[in-house]
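Before any comments, here is the structure.
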Amino acid sequence: MTITSFLPRTAFAARGGARRRLMRQPTFALAAAWLALVLVAAAAPGLLTRYDPYAIDEDHVLAPMSAAHWFGTDQFGRDTYARVVYGTVESLKAAVLAVLIGLVVGSLIGLLSGFVAGKVDTAVMRLVDTMLAIPALILSLAILTTLGPGTISIGIAIGVNSIASIARLMRSEVLSVKERAYVEASRFFGHGMWYRLGRHVIPNASGSVLTAAILDIGTAILGVASLSFLGLGAPPPTPEWGSLVAEGRGFFPTQWWMSILPGAVIAVSVLSVYKVARVLRNSRSANIA
Amino acid sequence: MGYLKYISRRLVYGILVLFLTFTGSFFLLFIVPGDAAGALTTGGEGANLAAALQEQREVLGLDRPIQTQYFDALWSALHGDFGISFREKVPASTVYFEAFGDTLRLASVGLLLAIVVGLAVGLLTQVVHLAWLRELLLAVPPLFVSLPIFLTALLLLQLFAFKLGLIEPFGDESLAGLVIASLCIAFPGGANIAQLLAVNLERTMRSPYVETLSNWGLTRREILYRHGLKNAVLPVLTSFGTTVGNIFAGTVITETVFSRNGVGRIIVDAVNAKDIPVVLISVTISAAIFVVVNLLVDALYPIIDKRIQVA
């Protein structure tokens, strides 16, 4: 019996074998592997399929699922699987842009609001509450009216929705960090506001904000796909996850795989992001505790 | 007295949110190139068209400075007038409220199903003793939260319209059509409620007072129904406004997939046609619904939980 066996087990598990322990959870490993695959599809789609997503093949129109065409082909004989693979980059671009907008703008607003406090804080938080008052999809649609359709527009329209929640989270983190002894001590040593912000407040407040942002990637993928499904994304023939589902709808009763399979890819990706984000958040809180 | 003051403060705050929403959307949509005059003027060429446009702009008051237009629009909106729809050439409020009933019906049935199923599943996770069933009940809600609404809608359409032939695939107006369409929004909404309730029940049932009660001889089930549930439902109630908002937004996709009439389809058409008055009224009414629901939640909260200090 060693002395360590008297100590709480979690404290050691969380540090030493954190990564190994995570990988032992089969669902986490699966989710991580799927996301790695998605990243490959976005970076180098040619590795995952030998078909050209734009190549029209009149001899193989509306082909069913087969070894040659995993997801079948569409009304122009284009390989649906290839279109999903090549569509990844557009969909992911919009989702990442959305999360970055929410993260950067939201963090700045929250930081300002929490650090300056007082009247500025009250006014900013009222604005944030107003943003939260409009259902996400409705706000996105209003923004798209102004921006017009397109991948970048969708990214912006979805990103604006997460600004408010990130700002709130950042503000509450800043408020709690600000009161801690080391920040007070730094102020006592005569360090200026910017130094304290950069040296203490931001590093300590950003952890949970980043975890929330990872979770937001899943929500953003869903939102982007929804808007693209409604026909507000990149114009055809550019493939996008959501618009592929919409394109398949026209052939729905007989060629159901044309829309269901791209839809399943979206669902599995969102599920994987949520899984990974949740495990990361839990292991983070285990580390702190 | 404290309660009245609390409610009136929340009311003023709700009105402020509505005002900011209207103002924000007005200026956001004002940037859109092309205005009502362009949309409402028909015929004419070259100089003729330009003259007609100018005349139309003067008639509509679009030649005035933006702040004048804004206060005018605000004043009209307060009287229910959001301008003439560019596409339909009738008041935007007429276009919107003609479809509102259909969406309200869809959203209400969806919300009702979401609450019933969500509460039932959330509660079952604490009541069921079979380990595998418990795991299943805990695993299903996250799945439904991740499922895109359009995918659920398409699967339901395939099953009920094409395989079973229970409903019409396009714009089924029957009760069966309504219930099946409302399932798409009930699934993610209910999954959210179930998740929240399960987590909170779990936490509540591990709190010290539960142990005290159990030492007094109460069974776990008695504690759960008499005490645990009441405390665990409060966070669910807090997020009710967001749930309603999501369900309302979910109707946009559902109505598109099931080809149903409703506000959702009107919004999508309006966005595509840049029909600004219709977009403006849609955003404002959506926010109004959210404000009203939250006001109701705020009003109920101190009544349900006496510990909450109203001020």
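The values are calculated or read from the model by the stated rules, or taken from the named source; none is laboratory data. Just so it is clear, the model here is predicted, and its values are computed rather than measured. Glycine gets a Cβ as well: all are built from the backbone with ideal geometry, and neighbour counts include every protein chain shown. Just so you know, the surface numbers come from the protein's heavy atoms only, side chains and all, with ligands and any DNA or RNA stripped out. Shrake-Rupley method; radii C 1.70, N 1.55, O 1.52, S 1.80 Å.
Tabulated data for the structure shown
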{"item": "Test: residue in the range B:216-228 that is over 18 Å from the mean Cα position of the chain (by Cα) and either within 12 Å of chain A (Cβ to nearest Cβ) or of a type in the set (Ser, Thr, Tyr) (or both)", "result": "yes"}
{"item": "Candidate set: the range B:240-297, residues that are facing chain A (nearest Cβ under 7 Å) and of a type in the set (Ser, Thr, Tyr); chosen: the one nearest to B:Leu106 (Cα to Cα)", "result": "B:Thr256"}
{"item": "Filtered residues of the range A:19-32 (kept if open to solvent by less than 60 Å² (accessible area, probe 1.4 Å) and modelled with pLDDT of 80 or more)", "result": "A:Phe28, A:Ala29, A:Ala31, A:Ala32"}
{"item": "Residue list for the range A:29-38, filter: in contact (Cβ under 8 Å) with a residue 12 or more places away in the chain and within 16 Å of A:Ile214 (Cα to Cα)", "result": "A:Ala31, A:Ala32, A:Trp34, A:Leu35, A:Val38"}
{"item": "Filtered residues of the range B:116-129 (kept if open to solvent by 70 Å² or more (accessible area, probe 1.4 Å) and part of a helix (DSSP H, G or I))", "result": "B:Val116, B:Val117, B:Leu124"}
{"item": "Segments classed as helices (runs of 4 or more DSSP H), wholly inside the range A:155-256, with at least 2 members that are farther than 30 Å from B:Pro169 by Cα", "result": "A:181-188, A:193-196, A:202-229"}
{"item": "Residue list for the range A:151-161, filter: at pLDDT 90 or above and open to solvent by 10 Å² or more (accessible area, probe 1.4 Å)", "result": "A:Thr151, A:Ile152, A:Ser153, A:Ile156, A:Ile158, A:Val160"}
{"item": "Members of the range A:230-260 that are over 16 Å from the mean Cα position of the chain (by Cα), modelled with pLDDT of 85 or more, open to solvent by less than 10 Å² (accessible area, probe 1.4 Å) and within 11 Å of chain B (Cβ to nearest Cβ)", "result": "A:Leu232, A:Val245, A:Ser259"}
{"item": "Unique match (being farther than 30 Å from A:Met65 by Cα, within 14 Å of chain B (Cβ to nearest Cβ) and under 15 Å from the mean Cα position of the chain (by Cα)) among A:Ile134, A:Ile163, A:Ile101", "result": "A:Ile163"}
{"item": "Residue in the range B:55-62 that is open to solvent by less than 40 Å² (accessible area, probe 1.4 Å) and either at positive phi or in contact with a Gly (Cβ under 9 Å, 6 or more places away or on another chain) (or both) present", "result": "yes"}
{"item": "Residue satisfying all of: in the range A:144-154; more than 7 Å from every other protein chain (Cβ to nearest Cβ) and either assigned to a helix (DSSP H, G or I) or not small (Gly, Ala, Ser) (or both); nearest to B:Phe26 (Cα to Cα) among these", "result": "A:Leu147"}
{"item": "Residue list for the range B:259-289, filter: open to solvent by 10 Å² or more (accessible area, probe 1.4 Å) and not in a helix (DSSP H, G or I)", "result": "B:Ser259, B:Arg260, B:Asn261, B:Lys274"}
{"item": "Count - residues of the range A:52-89 that are open to solvent by 60 Å² or more (accessible area, probe 1.4 Å), among the aromatic types (Phe, Trp, Tyr) and not in a helix (DSSP H, G or I)", "result": "3"}
{"item": "Of all residues making up the range B:236-265, the number that are at pLDDT 85 or above and over 15 Å from the mean Cα position of the chain (by Cα)", "result": "6"}
